[in-house]
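Below is one structure, written out as structure tokens; comments come after it.
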Amino acid sequence: MAREVEWARMTAPELREIAARGNAMAILPVGSLEQHGPHLPVITDTASAEAAARRGARLVADDVPLAVLPGLWLGMSEHHLPFGGTISLDYTAYFHVLKSIVRSLQAIGFTRLLIVNGHGGNIDPLAMSTRELAVEFAMPIVYTTPWMLAPEETAALFETDNGPKHACEGEASVMLAISPDTVKSDKFEEAFTAEAGKHEAPHGAHRFYSFSERAPNTGTWGVPAKGTAEKGERFLDLQARELAKLIVDPALWTQLDAVWRPGRGLGTRAGRAD
């Protein structure tokens with residue numbers, strides 16, 4: 001019988017037992033609740049992150065003490081607000097939600113955290129949040145966006161899009177694989193917007209754009225009509241494989257350097273492990 005990996009399906013004693021095994025890892029899928037055109041549900045980013053995280057965890061669950069938390073459906077999605085259906089946190093709230101999760105995990109006895117992200121708007125906030133929280137709690141915290149792992153292999157799975165975009169061929173495929181009853185395939189053609197992606201800052205420059213500027217009319221960037229459930233399974237298998245590699249990669253899970261410790265410095269006694 002396969003080992004259970006879902007936090008929400010386990011009892012408190014079972015989770016304490018995992019933590020007690022030592023070097024236990026929590027895996028937190030994070031996504032959003034935001035518009036995904038007229039054809040995909042607003043939970044798409046969270047659902048895809050959960051599916052990839054669970055599938056990856058199952059590949060290594062016999063060897064690694066771990067548990068996959070329920071997906072965090074609140075993300076930073078203010079750029080999608082003009083289309084409706086979107087609930088967003090601001091950065092301060094997002095950081096403190098993550099901080100409370102990390103504090104709780106540490107209190108329970110989990111010593112490592114992998115964040116599996118399904119939403120592009122979370123990438124910048126996660127970069128800053130994980131950096132600050134790792135130092136504050138002296139806990140290795142890694143975040144990744146599965147759609148960006150193994151980029152050449154991922155790109156090769158697309159027929160029309162040249163990579164992941166928004167409510168696109170890739171996301172339509174994954175949702176057809178894991179939740180087909182929530183996908184409105186009859187809206188695929190209506191969802192396509194030829195102008196999507198043309199309103200972008202020059203390379204090397206960054207600013208905030210509403211998604212109504214980046215993907216006008218339907219909020220879709222990509223060609224969902226090329227999505228299939230079979231392709232969705234291939235995307236998820238690839239993402240799971242790459243996540244499993246991260247889970248067992250020793251270079252990611254070394255103890256953090258105490259950079260803020262008074263007197264910390266190379267060549268000093270305070271800077272040595274002895």
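Scan segment 209-217 and tell me whether some residue there is modelled with pLDDT of 95 or more, open to solvent by less than 70 Å² (accessible area, probe 1.4 Å), touching a helix residue (DSSP H, G or I) at 6+ places or on another chain (Cβ under 8 Å) and polar (S, T, N, Q).
Within segment 209-217, none of the residues are modelled with pLDDT of 95 or more, open to solvent by less than 70 Å² (accessible area, probe 1.4 Å), touching a helix residue (DSSP H, G or I) at 6+ places or on another chain (Cβ under 8 Å) and polar (S, T, N, Q).
Taking the conditions exactly as written (farther than 18 Å from ALA26 by Cβ and not small (Gly, Ala, Ser)), does THR111 satisfy them or not?
Answer is no for this residue.
Filtering segment 231-258 down to residues that are acidic (Asp, Glu) and in contact (Cβ under 8 Å) with a residue 12 or more places away in the chain, which residue is surrounded by the most Cβ atoms within 10 Å (Cβ to Cβ)?
As a first pass, look at segment 231-258 and keep what is acidic (Asp, Glu): 233, 237, 242, 249, 257.
Cutting the leftovers down to in contact (Cβ under 8 Å) with a residue 12 or more places away in the chain gives us 233, 237, 242.
Values: GLU233: 16, ASP237: 14, GLU242: 19.
Here the residue is GLU242.
So, in segment 222-274, exactly how many residues are among the charged types (D, E, K, R) and modelled with pLDDT under 95? Can you show your working first?
The initial filter retains those residues of segment 222-274 that are among the charged types (D, E, K, R), namely 226, 230-231, 233-234, 237, 241-242, 245, 249, 257, 261, 264, 269, 272, 274.
Checking the rest, the ones that are also modelled with pLDDT under 95 come to 257, 261, 264, 269, 272, 274.
Residues that pass the stated criteria total 6.
For ALA194, are the conditions met, namely being assigned to a helix (DSSP H, G or I), at pLDDT below 95 and farther than 29 Å from ILE115 by Cβ? Before the answer, list the steps.
On the way: assigned to a helix (DSSP H, G or I): no; at pLDDT below 95: yes; farther than 29 Å from ILE115 by Cβ: yes.
Spelling it out, it is not the case that ALA194 is assigned to a helix (DSSP H, G or I), at pLDDT below 95 and farther than 29 Å from ILE115 by Cβ.
Quick one: would you say ALA67 is farther than 19 Å from LEU252 by Cα, open to solvent by less than 40 Å² (accessible area, probe 1.4 Å) and under 17 Å from the mean Cα position of the chain (by Cα)? Spell out how you get there, then give the answer.
Values: farther than 19 Å from LEU252 by Cα: no; open to solvent by less than 40 Å² (accessible area, probe 1.4 Å): yes; under 17 Å from the mean Cα position of the chain (by Cα): yes.
In short, no.
The values are calculated or read from the model by the stated rules, or taken from the named source; none is laboratory data. Remember, predicted model here, so these are calculated numbers, not experimental data. Cβ coordinates were reconstructed from backbone atoms using ideal geometry, including for glycine residues, and neighbour counts include every protein chain displayed. Just the protein is used for accessible areas: all its heavy atoms, side chains included, with ligands, DNA and RNA removed. Shrake-Rupley method; radii C 1.70, N 1.55, O 1.52, S 1.80 Å.
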